[in-house]
Amino acid sequence: MEQLLLKGKKALVTGASRGIGSAIALELARAGADVTVHYAGNAAAAQAICDQICAMGRQSCIVQADLSDLHACKGLIDRIGPVDILVLNASVQIKKPWETITDVDFDIQMNCNLRSSMKLIQQAVPHMRQKKWGRIVTIGSVQEAKPHPDMLVYSATKAAQTMMVKSLALQVAADGITINNVAPGVIYTDRNVEALSDPEYAKKVTASIPVGYYGEKEDCAYIVRLLCSDEGRYITGQSYYVDGGKSL
């Protein structure tokens, strides 16, 4: 029997047109939530996720914003209406040696991976405070614990986002709002399928994962669903690695 733990809740999932974000959006919908699907560039992919959500009997729409643009998320919550659940999944990775990082590389990743998270939280919290109920989940990375040498800015933004979670958890707990971080490890999505198609590289990566295999995007979605439900009401300010032990 389907458990509609989130029935009557409205969620926004950023970067929900593909990968982990799409799995989270669909899982929240299965739990009863109405879900807005945010995307940056692929409207067709976002609409496909939206259609799947509507097919479950939930309400859904798509919203576009390039969160690497400093001003892109201004008024985003106003465009879709108040949300009870905010999942901040959108991110940008620019892979290159640290000596060659440019100001543009830095700003793109900082804006999308950290600054937009803060701005969207600022927009979402007033409604949550009014209702005395809210759930915020940021999606981090195993690189918070084990940074890739060619992703200096990416790993730094993810670590900073988690520290923001810890700070905010103390400040919004009395308002009935929880905020947590989920940090995926090696998850087999379109972001890394090309790199993992190299047998030697794939062998090296797999050897670094104690359980011995890649995760699936649904592995991340399940814990997000828990943190967004009343079953996770006593959890806040925490960061959970979904990584097969890679962070150890």
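Of the listed requirements (1) at pLDDT 95 or above; (2) not in a helix (DSSP H, G or I), residue 118 misses just one: (2).
Only one entry in 189, 157, 178 is of a type in the set (Ser, Thr, Tyr) and at pLDDT below 95, namely 189. For the stretch 73-106, the set of residues classified as touching a Lys or Arg at 6+ places or on another chain (Cβ under 9 Å) and of a type in the set (A, V, I, L, M) consists of 76, 80, 83, 85, 86, 87, listed by residue number. Being closer than 17 Å to residue 136 by Cβ, assigned to a loop (DSSP other than H, G, I, E, B) and of a type in the set (A, V, I, L, M) holds for only one residue in 67, 4, and it is 67.
Residues checked against (1) over 14 Å from the mean Cα position of the chain (by Cα); (2) surrounded by fewer than 16 Cβ atoms within 10 Å (Cβ to Cβ):
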position	(1), (2)
90	no, no
94	yes, no
102	yes, yes
111	yes, no
123	yes, no
131	yes, yes
138	no, no
149	yes, yes
160	yes, no
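Looking at residue 189, is it closer than 30 Å to residue 133 by Cα, surrounded by 15 or more Cβ atoms within 10 Å (Cβ to Cβ) and in contact with a helix residue (DSSP H, G or I) (Cβ under 8 Å, 6 or more places away or on another chain)? Criteria not met by residue 189. Take the conditions over 18 Å from residue 90 (Cα atoms), of a type in the set (D, E, K, R) and at pLDDT below 95 and apply them to residue 194. Does it pass? Judged against the criteria, residue 194 is a match. Per the conditions (1) assigned to a helix (DSSP H, G or I); (2) closer than 20 Å to residue 178 by Cα, the sole criterion not satisfied by residue 54 is (2). Within the stretch 43-56, residues that are β-branched (Val, Ile, Thr) reach partners that are assigned to a helix (DSSP H, G or I) and surrounded by 17 or more Cβ atoms within 10 Å (Cβ to Cβ) with beta carbons closer than 6 Å, at six or more positions or on different chains, in the pairs 49/22; 49/25; 53/29. For residue 226, the stated conditions hold: it is modelled with pLDDT of 95 or more, over 20 Å from residue 82 (Cα atoms) and among the aliphatic types (A, V, I, L, M). Quick check: is even one residue across the stretch 21-42 assigned to a loop (DSSP other than H, G, I, E, B), of a type in the set (Lys, Arg) and either modelled with pLDDT of 95 or more or under 16 Å from residue 229 (Cβ atoms) (or both)? So far as the stretch 21-42 goes, no, none of its residues is assigned to a loop (DSSP other than H, G, I, E, B), of a type in the set (Lys, Arg) and either modelled with pLDDT of 95 or more or under 16 Å from residue 229 (Cβ atoms) (or both).
The values are calculated or read from the model by the stated rules, or taken from the named source; none is laboratory data. Values in this document were obtained by computation on a predicted structure and should not be read as measured data. Because the Cβ atoms are built from the backbone with ideal geometry, glycine has one as well, and the counts that use them run over all protein chains shown.
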